[in-house]
1. Which number in (1) at positive phi; (2) within 10 Å of DNA strand C (Cβ to nearest atom) marks the one condition that residue A:93 misses?
2. Go through A:118, A:107, A:163, A:149 for me and flag whichever is free of Cβ contacts under 8 Å to residues at least 12 places away in the same chain and within 17 Å of residue A:26 (Cβ to Cβ).
3. Going by what's in this entry, would residue A:139 be described as within 16 Å of DNA strand B (Cβ to nearest atom) and touching a residue at least 60 places away in the same chain (Cβ under 8 Å)?
4. Looking at the stretch A:94-125, which of its residues are outside any helix (DSSP H, G or I) and within 16 Å of DNA strand B (Cβ to nearest atom)?
5. Filter the stretch A:31-51 for residues that are surrounded by fewer than 20 Cβ atoms within 10 Å (Cβ to Cβ) and in a loop (DSSP other than H, G, I, E, B); which is nearest to the chain's Cα centre (by Cα)?
6. Condition check: closer than 18 Å to residue A:33 by Cβ, in a helix (DSSP H, G or I) and modelled with pLDDT of 95 or more. Does residue A:134 satisfy that?
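The values are calculated or read from the model by the stated rules, or taken from the named source; none is laboratory data. On a predicted model such as this, the values are computed, not experimentally measured, just so you know. Glycine also receives a Cβ, built like all others from the backbone with ideal geometry; neighbour counts cover every protein chain displayed.
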DNA sequence: CGGCTGATGGACT
DNA sequence: GTCCATCAGCCGA
């Protein structure tokens with residue numbers, strides 16, 4: 001039987017939390033309907049230490065939730081139309097978080113298909129951060145939601161030992177393009193994690209330089 | 001399958 | 001103004 005993690009689970013380093021969120025379940029209750037997704041891909045962000053984080057340049061109205069207590073959702077709006085969800089990690093005052101990038105629908109398939117009509121195959125229903133958020137029926141109104149509250153309309157559950165039950169040998173990691181390493185040599189941090197060979201993991205695409 | 005591009009709006013310089 | 005922690009649709013192979 002899965003458990004709802006305590007505060008200590010989220011208060012750790014975001015990279016550790018990211019690992020343990022692989023295989024965990026996210027459940028949303030929207031309009032009386034429950035939807036559960038098994039997390040298959042995540043990305044760790046390290047706040048003000050991380051040039052790739054929204055919180056890198058300090059606290060703003062938008063990033064305020066990330067500077068708050070762990071175990072809350074940071075949901076942001078991007079590209080004029082998409083919502084993506086993060087779980088806030090680390091101690092209060094630090095701004096680390098884990099972005100949920102992809103997952104497999106475990107239950108509530110009917111509702112998810114209604115929300116994701118463009119998805120041809122079931123593996124595409126939550127394959128990508130904005131798709132996953134849409135699949136759960138969430139948007140900016142979930143920003144700041146406290147996952148630790150038993151009454152919360154979004155819950156995350158994992159195995160009793162505090163893991164998502166994915167063996168380390170089944171976890172792959174990769175770097176994030178566009179984020180330089182400490183030496184400025186172009187190395188990237190391996191802070192993208194996914195379940196090896198899982199078909200619902202999003203295809204990694206380096207950010208392309210776009211011009212008009 | 002892979003590559004390319006428009007959509008669309010808020011945050012930040 | 002410019003930059004996005006993106007996605008869907010279209011095109012060619």
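1. Answer for residue A:93: the failing condition is (2).
2. Numbers: A:118 fails: within 17 Å of residue A:26 (Cβ to Cβ); A:107 fails: free of Cβ contacts under 8 Å to residues at least 12 places away in the same chain; A:163 fails: free of Cβ contacts under 8 Å to residues at least 12 places away in the same chain.
None of the others qualify; the one that does is A:149.
3. Details: within 16 Å of DNA strand B (Cβ to nearest atom): yes; touching a residue at least 60 places away in the same chain (Cβ under 8 Å): yes.
So residue A:139 passes the test.
4. We begin by selecting, within the stretch A:94-125, every residue outside any helix (DSSP H, G or I); these are A:94-108, A:116-121, A:125.
A:95, A:97, A:102, A:116, A:117, A:118, A:119, A:120, A:121, A:125, listed by residue number.
5. Only one residue fits best here, namely A:51.
6. On the way: closer than 18 Å to residue A:33 by Cβ: yes; in a helix (DSSP H, G or I): yes; modelled with pLDDT of 95 or more: yes.
Spelling it out, residue A:134 is indeed closer than 18 Å to residue A:33 by Cβ, in a helix (DSSP H, G or I) and modelled with pLDDT of 95 or more.
To keep it simple, each residue is scored yes or no on (1) touching a helix residue (DSSP H, G or I) at 6+ places or on another chain (Cβ under 9 Å); (2) surrounded by fewer than 24 Cβ atoms within 10 Å (Cβ to Cβ); (3) in contact (Cβ under 8 Å) with a residue 24 or more places away in the chain.
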{"residue": "A:1", "(1), (2), (3)": "no, yes, yes"}
{"residue": "A:10", "(1), (2), (3)": "yes, no, yes"}
{"residue": "A:29", "(1), (2), (3)": "no, yes, yes"}
{"residue": "A:53", "(1), (2), (3)": "yes, yes, yes"}
{"residue": "A:57", "(1), (2), (3)": "yes, yes, no"}
